[in-house]
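Structure first, commentary second.
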Amino acid sequence: MLKRIVVAALLLGSIMYSGSVARAQVKNFAPVTREMLVSPSPDDWLMLSRTYDEQRFSPLKQVNKQTVAQLRMAWTRGMPQGTNETIPIVHQGVMYVVAPGAVVQALDATNGDLIWEYRRKFAANITAATIESARAKSLAIFEDMIYYTAPDGYIVAIAARDGKLRWETLVNAEGSGAQHTSAPIVVEGKVISGRACSDKREGCFISAHDAITGKEVWKFFTAAAEGEPGGDTWGGLPTDKRIASIWGLPGSYDPVRKMILWATANPRPYPRMTRHNGNPDAIPRTSPAELYTNSTLALNPETGKLIWYYQHLPGDDWDSDHVHERIQLRTAINPDPAAVKWINPRIKRGEQRDITVTMGEPGGMWALDRATGEFLWATPFPADVPDFHLSNVDVETGKATINWDKVFKKDGDKSLVCFFNQKSYWPMAYHPGTNSLYVPYHDYCLEMQAKTSSPSGYGMRNGIIRPGVDPLKASVLAKVDLSTGKVTKLREGYAPGNGAVLATDGGLIFWGDMNRRFHAFDAENGKVLWETILGGVIQMSTITYAVNGKQYVAVMTGDGNSATAGPMGQSKLLTTPRGHNAIYVFALP
């Protein structure tokens, strides 16, 4: 009996000690300044992709090529059921994360102990299904507040020290059809956010709110209205029916040029003829068409005014989003014609340029001048095939032309178009040491049939492995040299991946797949240096941070709202595990 009491006392003492450490962490909280967001401590992970440029590169190198084989589990924490597409942020040894069910938690980043929890209180008209399927991609932090885009349409500011509500502002008006599915970022003292919109233009906007008060500062509607610049590209479609969603990853920010780069998705319903009374030629086949769908937007953070835009796909026919990250970097421009199909002839070979790089869900890789949006080069990544969704990019003007052979002309038409969810809401990473982009992609195409009686405009719709591709090699981690555009396949396998890529100064690339495997690769040659098996599908999430000189690598498992696993079911190569939401954190012994 005495022995049990002693053991219990020791356990209680351990718990109290852990709790006191956690309380000290928030009690001594250092407010996050603009300067910290621009140049964060290597120990912290302050936004979805760590830095404003969205490179997902960490300077930490305690875990490196020589030590990574010793990685061990440091802690794990289970999470409630529901959609889990989030990426945690970390500041001063505290991890802030969105848990399924619209819950924000502060955790001790060294052991996973709960410090505080914020549970959103919802009105009666917000269903349990809406709450459980909420798709917040991450949180933001500024001063002493954590910012959360809640599924009821509010932006919420929470005290970082104790989880108490500071302010809340309704952004998505009830009935607008808008949903918070992206993540906020804080830029120049403003909380910038986007949202999914599906049926009304009034829900399709990027907004800025004062980070201290929550007051709206500006709003930019992503579908140009009648009478506005770009408004005449919609073929006379009434303004309220013009849809350009912003559901995906949030934008990047250039603090030198004071310029936000944000991405937009496709118009709805999907086939263009469905949007235009059966006439697919109501809008141009070459950009601009239906602005600002499937575009990169450069916005002034103070006013929300458009600085420049570039449209990657005019008049989309297939729900082919170009709505994710816009990575910023500086590189010598020397595209190899053997690797890159469309090259601006005015490029001065070897010239150093500040660029932004992106990839679309339907494939294709784009490099634009960051300051002006000038087209530099593009290529039909991951392969140049006749079924690609574009037929041409004019290298003189940068204007893209839709592949007319693949466009639906009448009800019942069927089409095979490439690619399909080759890269979606799971972010890529850039490693400055190799000047390379690391891209996990699925070599899948889309077979689809037009059905004008359907609200979406389509009937049959399936993702399939691209004809002729070995199913055992249809899921790839690729390395892309951003000077030349040359692609090297580092890994080919059957298990697709919805996990974020992480690059570190330890010469490593971390990435996990839907077969529960979490890997560390050599950034140079792709050799697997470490691997472990987790309890569920690896989803988004992967980050690294340090506390008291110790580096940690964190990854989450769980269900995504639109997880890619379809073709695997057809090939019977993978049965996707479901329903295991958890955080796993690793460190050296």
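The values are calculated or read from the model by the stated rules, or taken from the named source; none is laboratory data. Note that the structure is a prediction, hence the values are computed from the model and not measured. As a convention, Cβ positions derive from the backbone with ideal geometry for all residues, glycine included, and neighbour counts pool all protein chains shown. The area values use the complete protein model at the heavy-atom level, side chains included, leaving out ligands, DNA and RNA. Shrake-Rupley method; radii C 1.70, N 1.55, O 1.52, S 1.80 Å.
Would you list M73, M556 from the most to the least accessible area, probe 1.4 Å?
Of M73, M556, the descending order of accessible area is M73, M556.
Once every DSSP H run of n ≥ 4 in the chain is given -39500 (n - 2.57) and the sum is divided by its residues, what mean residue ellipticity at 222 nm do you get, rounded to the nearest 500 deg cm²/dmol?
It lands at -2000 deg cm²/dmol.
If one computes the Cα centroid of the range 275-342 and of the range 50-93, what distance in Å separates the two points?
If you average the Cα positions of each part, the centres end up 31 Å apart.
At 0.36 nm per residue, and after removing the present C-alpha to C-alpha distance, how many nm does the segment from R349 to N279 gain when stretched out fully?
Taking R349 through N279 to full extension adds about 20.9 nm, to one decimal.
Which peptide among 282-290, 356-364, 133-141, 212-220 comes first, and what is the full order, when sorted by highest mean count of other Cβ atoms within 10 Å?
Listed from highest to lowest mean packing, they are 356-364, 133-141, 282-290, 212-220.
Starting from the Cα of T532, step 7 Å along the direction of its Cβ; do the same at R119; then give the gap between the two resulting points in nm.
Output for this residue pair reads 3.0 nm.
Roughly how much of E143 is accessible, in Å² to the nearest 10, using a 1.4 Å probe?
Its heavy atoms expose roughly 70 Å² to the probe.
I'd like to check one number: the per residue accessible area of the range 462-523, probe 1.4 Å, reported in Å² as a whole number.
28
Per residue, how many Å² of accessible area does the range 238-309 show with a 1.4 Å probe? Walk me through the numbers before you get to the answer.
On the way: 2230 Å² over 72 residues.
I get 31 Å² per residue for this part.
Any lysines with Cα under 22 Å of the K137 Cα? List them, leaving off those in the same chain fewer than 8 positions away.
K137 reaches K121, K164, K190, K219, K423.
With the full set of protein chains in place, find how many percent of the accessible area of the chain is carbon and sulfur; take the probe as 1.4 Å.
51
What is the chain by shape, rounded, prolate or oblate, if you read a ≥ b ≥ c off the alpha carbon gyration tensor as root eigenvalues and call it rounded for a/c under 1.5, prolate for a/b larger than b/c, and oblate otherwise?
prolate
What number, in percent, do you get for the relative contact order of the chain if the mean sequence gap of Cα pairs under 8 Å and at least 6 apart is divided by its residue count?
13
Assign unit charges at the C-beta atoms only (+1 for Lys and Arg, -1 for Asp and Glu), then state the dipole size of the chain relative to its Cα centre in Debye, rounded to the nearest 20.
Details: 62 positive and 58 negative charges, 235 e Å.
Here the chain has a charge dipole of around 1120 debye.
Name the shape class, rounded, prolate or oblate, that the alpha-carbon gyration tensor gives for the range 34-117, where a ≥ b ≥ c are the square roots of its eigenvalues, rounded holds for a/c under 1.5, and otherwise prolate holds if a/b is larger than b/c and oblate otherwise.
oblate
Just check the range 462-521 against the gyration tensor rule for me: Cα atoms, a ≥ b ≥ c as the square roots of the eigenvalues, rounded for a/c under 1.5, and otherwise prolate or oblate depending on whether a/b exceeds b/c. Walk me through the intermediate numbers first.
Values: a/c = 2.46, a/b = 1.31, b/c = 1.88.
Verdict is oblate for the range 462-521.
Have a look at P386, V323, W75 and report the one farthest towards the positive end of the charge dipole of the chain, computed about the Cα centre with Cβ charges (Lys/Arg +1, Asp/Glu -1).
Positive-most Cα among the choices belongs to W75.
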